[in-house]
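One structure is given below, encoded as structure tokens.
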Amino acid sequence: MNNNNNMVCDLETGICGEVGGEEMEMIDFNQQDKTINLYYVTDPICSHCWAIEPTLRRFVTQYGHHFHFHTVMGGLLEKWHDGPIDPANGIYKPADVAGHWREVGEHSRMPIDGSLMIDNPVQSSYPPSRVFKVIQKNMNDNIASEYLRRAREALFVFNQNISDRSVMVEIVNKLGLDGEAIVNETEQSIGQQLLSEDFELVRNLGVRGFPTIVMVNKENKGVKIVGGRPLASYVDGLKQVLNMKELQPKPQPSLSTLLEKEKLLFSKEIEGMYDVEKSDVSSFIEKELSSDQYELKKILGESYITASK
């Protein structure tokens, strides 16, 4: 028999159900007005964008109720040519990227293999960027962002050439979409048109490097934060554009909820979201998840978990 507590009525308060709280209270059902536009200027092959994913995810998770989040493609590499691509960082040819990527991976602990850029280099970041834009147009920002995450995992960790047509189709198919149809659409004029619109926005925002976050308020004033920064920097920037001294973060989701959403999490991402020391990550996972919820794996010296199928 199912007990229904709502059938229990209190003679003193006149309440059928749970007793407690004030007799009369004001409640607000209005959603908080998001007055801030946040533009995240990035690129699928930007190694530092991969490196800041743990920090950016926590920032959006806990403070995203204050802003509209827009991912903007910046166009990091149109194509390789005989001249220098990034002479300041010693980048003249694809093989020069490999060592730089490995250094970023070791420093950030978001693993990067990098040998792909020697053996089978990405020739342009425009094709995967166009896929992002077409998914964004046809579906929504959330699915486009999931595609971007899967593409970066494929490139940096699993050493796949995400500018290759077959790889792009496979990544999109794994999202439950028609990869062939979407990649076909990116090869039409609409694909480059959508990308060019992002490039124009990047110019208007005055952005020249990635990652860059620009937060703009309703008075069209804001802050620009260039490069990977700690969480406090993004929170301080948000306080400035909101003209608020303090911001109340939302609580972090449970690890179970986060893994269900993200599908794959590296140790660094768990550490960053839950303020857990690297040495305590394994015990934290065991405490938060049942053994049938996840698989623990290791690659490039870093542990990660995937959601069980």
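Here Ser290 clears all of (1) of a type in the set (Ser, Thr, Tyr); (2) within 21 Å of the chain's Cα centre (by Cα); (3) farther than 23 Å from Phe156 by Cβ except the condition numbered (2).
Per-residue answers, yes or no, for (1) outside any loop (DSSP other than H, G, I, E, B); (2) among the charged types (D, E, K, R):
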position	(1), (2)
Phe156	yes, no
Gln160	no, no
Val169	yes, no
Val172	yes, no
Glu185	yes, yes
Gln192	yes, no
Glu197	yes, yes
Glu200	yes, yes
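Of all residues in the stretch 90-145, exactly one satisfies the criterion of being closer than 19 Å to Thr42 by Cα and of a type in the set (Asp, Glu), namely Asp141. Among the residues of the stretch 138-157, those that are within 18 Å of Val122 (Cα to Cα) and out of contact with any strand residue (DSSP E or B) (no Cβ under 8 Å at 6 or more places or on another chain) comprise Tyr147, Arg149, Arg150, Ala151, Arg152, Ala154, Leu155, Phe156. Only one of the numbered conditions (1) part of a helix (DSSP H, G or I); (2) without any contact (Cβ under 8 Å) to a residue 60 or more places away in the chain; (3) more than 18 Å from the chain's Cα centre (by Cα) is violated by Tyr147, and that is (3). Entry remark, the stretch 42-63: residues being hydrophobic (A, V, I, L, M, F, W, C) and over 12 Å from the mean Cα position of the chain (by Cα) number 2 in total.
When you look at Ile225, is it closer than 30 Å to Gln62 by Cα and not assigned by TED's automatic domain parsing to the domain that holds Gln62, yes or no? It is true that Ile225 is closer than 30 Å to Gln62 by Cα and not assigned by TED's automatic domain parsing to the domain that holds Gln62.
Conditions tested, residue by residue: (1) touching a residue at least 40 places away in the same chain (Cβ under 8 Å); (2) surrounded by 12 or more Cβ atoms within 10 Å (Cβ to Cβ); (3) closer than 30 Å to Leu175 by Cβ.
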{"position": "Leu194", "(1), (2), (3)": "yes, yes, yes"}
{"position": "Val214", "(1), (2), (3)": "yes, yes, yes"}
{"position": "Lys224", "(1), (2), (3)": "no, yes, no"}
{"position": "Leu255", "(1), (2), (3)": "no, yes, yes"}
{"position": "Leu259", "(1), (2), (3)": "yes, yes, yes"}
{"position": "Glu262", "(1), (2), (3)": "yes, yes, yes"}
{"position": "Ser279", "(1), (2), (3)": "no, no, no"}
{"position": "Ser291", "(1), (2), (3)": "no, no, yes"}
{"position": "Leu296", "(1), (2), (3)": "no, yes, yes"}
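Could you tell me whether Val131 is hydrophobic (A, V, I, L, M, F, W, C), within 22 Å of Gly272 (Cβ to Cβ), surrounded by 14 or more Cβ atoms within 10 Å (Cβ to Cβ) and out of contact with any strand residue (DSSP E or B) (no Cβ under 7 Å at 6 or more places or on another chain)? When the stated conditions are applied, Val131 does not pass them.
The values are calculated or read from the model by the stated rules, or taken from the named source; none is laboratory data. Every value quoted in this text rests on a predicted model; they were computed, and no experiment measured them. Neighbour counts are summed over all protein chains in view; Cβ atoms, including those assigned to glycine, are modelled from backbone coordinates with ideal geometry.
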